[in-house]
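First comes the structure, then the notes that go with it.
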Amino acid sequence: MKTDMKRRVFLKGSVAAGTMAVVAGAGLLAPQAVMAAWPKKAFESKKADAALSGVFGSGQTEASDKIKIKAPDIAENGAVVPVTVTSSIAGVESIAIMASANPTPLVAVFNLGKSTSADVSCRIKMGKTGDVVAVVKAGGKLYANRKSVKVTIGGCGG
């Protein structure tokens, strides 16, 4: 009886995988259609202002101490630098994280829902010592704060 159940599960899985392969092969399920749109030019931009303009439509920010960045003062391995950004600004719509010394500074962008807490975490790659910059969009304005991180071993091939 167990063999029959295993056979049924195997056959169901095979049929499902075969169906998905046919749908993908026919072009009905393209990865671009499934994945969310992302600002490719912003992530490839060599300058922070251009990257911000690509994401938010403007590169003008206002300094704010209501944005807190938790990152190590000294990162022993620049390939995995843990960063947490929180904000007490009301109505946060998006949070972007940048590494100012990287060849392409924009590292991550988080679009938040209306009832979402402005608290994001990720691990970023830093090629050398520089600032981690957090940009928060709230009420149509951009606010920023920065924290210096010293990298002892480069994460971008250094």
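Quick one: net charge of V80's neighbours, Cβ under 10 Å, K/R +1, D/E -1?
Details: positive: R123, K125; negative: E76.
That sum, taken over residues with Cβ under 10 Å, equals +1.
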Exercise. Report the full-extension gain for the segment A108 to N77: residue separation times 0.36 nm, less the Cα-Cα distance, to one decimal in nm.
Key: 9.3 nm
Quiz item: Mind ordering 132-140, 55-63, 88-96 by average Cβ neighbours within 10 Å, highest first?
Solution: 132-140, 88-96, 55-63
Quiz item: Nearest 0.05, what FRET efficiency do A50 and S100 give at R0 = 22 Å with Cβ-Cβ as r?
Solution: 0.95
Quiz prompt | Label-reachable residues, the range 53-89, where backbone N falls under 12 Å from a point 7 Å from D119's Cα toward its Cβ | solution = 85-88
Exercise. Compute the convex hull volume of the Cα atoms of the range 85-157, divide it by the residue count, and report the result per residue in Å³ as a whole number.
Key: 81 Å³
Exercise. Amide H neighbours of L142 under 5 Å, at least 5 residues apart or on other chains, H built in the peptide plane: list them.
Key: E62
Quiz item: Carbon and sulfur together cover what percent of the accessible area of the range 56-99 at a 1.4 Å probe radius?
Solution: 50 percent
Quiz prompt | Low-density loop cleavage sites - trypsin sites (Lys or Arg not before Pro) in the range 42-135, where at most 12 other Cβ are within 10 Å (DSSP) | solution = K46, K47, K114
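Pulled fully out, how much extra length does the chain show between T152 and E62, if you take 0.36 nm times their separation in residues and subtract their Cα-Cα distance? Numbers along the way, then the final one.
Numbers: separation 90, 0.36 × 90 = 32.40 nm, distance 3.04 nm.
Extra length available between T152 and E62 comes to 29.4 nm.
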Practice problem: Would you mind checking K41/K114; K70/K150; K40/K66; K46/K147; K41/K150; K46/K137 for any pair whose Cα atoms are more than 25 angstrom apart? | Solution: K41/K114; K40/K66; K41/K150
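The values are calculated or read from the model by the stated rules, or taken from the named source; none is laboratory data. Just so it is clear, the structure is predicted and the values come from calculations on it, not from any experiment. Cβ sites come from the backbone with ideal geometry, for glycine too, and all protein chains shown count toward neighbours. The area values use the complete protein model at the heavy-atom level, side chains included, leaving out ligands, DNA and RNA. Shrake-Rupley method; radii C 1.70, N 1.55, O 1.52, S 1.80 Å.
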